[in-house]
Amino acid sequence: MGPGAASELGDGGDRRGRLFELPPELAIDADVARRVMVGFIRNQLRQAGFSRGLLGLSGGIDSALVAFLVAEAVGPESLLCVLMPYRTSSPESVDHARLVIDRLGCAGDLVDISPIVDGYFGRDGEAGAGGAEAHEAASLRRGNFMARTRMCVLYDRSVPWGGLVVGTGNKTEALIGYSTLFGDSACAFNPIGDLYKSQVRQVAAAMEVPEEIIRKAPSADLWPGQTDEVEAGFSYPELDRLLFWMIDKRRTDEELLAMGFPEAEIARVKRLVAVSEFKRQVPPVAKLGPRTTGVDYLYPRRRPGSARP
């Protein structure tokens, strides 16, 4: 963290305890943010003609916070949380996910994705449907496949549940491209997409998400021992500060250097943001006709006649 980056430790709202590092400039009014996100969830469901939501509950802080928000917005009886572990997933992840379900009193469903993933990549020396080449796939490739498999399961579960898939990705991940296209980034809407990771922790503490979830090292749990910060080589408070001043406040490289951010870190984060732009936009369409969807045939989701019977 650069010079002058004095930080404070979050006190968890009314719960006095040193739960997480919160850079001062990233502190928000958690109560206001909570009301905005809860209202957003209600409006998005209502506009699309749905009354129920579902999400993939990983046992991490992002999905836990979204579960709390959806339960508050539409009631726990209208929320389905789906646990989708792989055989190498941390047992703690499942335990923490169940803790959220028990705390909220919402419906929970567990789907072991191991047979699906192993059916493609193979296991124990035997190739799967992907053949010998897929059997030798690296961990990152397998992890992306797992993320997309989980979203396939989640969207299939949305049919009998009769609800919309709610996103659980935060702003930090979206900006640096730390997500899987059509995997964890897929959703009907995302309540926490404008919260940096540090702010997710702040709101989660205010909403009394279990402390063991807030305290633990963030991880996509894509392979044993994987953690976000070790894999990517950053700490979230430091990264959030840089992104806040770079993106939200539009500071130049020279201004960021003067604030104490290392030149190499500025260059690296700028590149991460730039090369992942395609992940943040809908697929472009080649314009051939007079009105092209996504180009000049544009309607809000609240278009008249869009409500379901």
Check on Arg157, surrounded by 22 or more Cβ atoms within 10 Å (Cβ to Cβ) and either at pLDDT 95 or above or of a type in the set (D, E, K, R) (or both):
no
When the residues of the stretch 1-41 are narrowed to those that are in contact with a helix residue (DSSP H, G or I) (Cβ under 8 Å, 6 or more places away or on another chain) and assigned to a strand (DSSP E or B), which ends up modelled with the lowest pLDDT?
Glu8
Are there any pairs, at least 6 apart or on different chains, whose C-beta atoms fall under 9 Å, with the first in the stretch 125-138 and aliphatic (A, V, I, L, M) and the second surrounded by 10 or more Cβ atoms within 10 Å (Cβ to Cβ) and in a loop (DSSP other than H, G, I, E, B), and if so, which?
Ala129/Gly122; Ala132/Gly122; Ala134/Gly122; Ala134/Ala127; Ala134/Gly128; Ala137/Gly130
Here are Asp240, Asp194: which of them is at pLDDT 95 or above, more than 18 Å from Val100 (Cβ to Cβ) and either surrounded by fewer than 16 Cβ atoms within 10 Å (Cβ to Cβ) or of a type in the set (Ser, Thr, Tyr) (or both)?
Asp194
Only one residue in Val111, Val66, Val70 is under 21 Å from Thr180 (Cα atoms), buried (at least 23 other Cβ atoms within 10 Å of the Cβ) and aliphatic (A, V, I, L, M). Which one?
Val66
Among the residues of the stretch 26-70, count how many are within 17 Å of the chain's Cα centre (by Cα) and either of a type in the set (Lys, Arg) or under 23 Å from Ala97 (Cβ atoms) (or both).
22
Filter the stretch 50-99 for residues that are within 20 Å of Trp161 (Cα to Cα), β-branched (Val, Ile, Thr) and not in a helix (DSSP H, G or I) and give the result.
Val82
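So that you can scan it fast, the table gives a plain yes or no per residue for (1) hydroxyl-bearing (Ser, Thr, Tyr); (2) within 19 Å of the chain's Cα centre (by Cα):
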position: Gly125; (1), (2): no, no
position: Gly128; (1), (2): no, no
position: Gly131; (1), (2): no, no
position: His135; (1), (2): no, no
position: Ser139; (1), (2): yes, no
position: Gly143; (1), (2): no, yes
position: Thr149; (1), (2): yes, yes
position: Leu154; (1), (2): no, yes
position: Pro160; (1), (2): no, no
With the structure loaded, tell me whether Phe261 is touching a residue at least 24 places away in the same chain (Cβ under 8 Å), aromatic (Phe, Trp, Tyr), surrounded by 13 or more Cβ atoms within 10 Å (Cβ to Cβ) and within 24 Å of Leu181 (Cα to Cα) or whether it fails that test.
no
Residue check, Phe261 against (1) out of contact with any helix residue (DSSP H, G or I) (no Cβ under 6 Å at 6 or more places or on another chain); (2) under 30 Å from Phe234 (Cβ atoms), all met but one. Which one?
(1)
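The values are calculated or read from the model by the stated rules, or taken from the named source; none is laboratory data. What you are looking at is a predicted structure, and each value in this text was computed from that prediction instead of being measured. Virtual Cβ from ideal backbone geometry, glycine too; neighbours counted across all protein chains shown.
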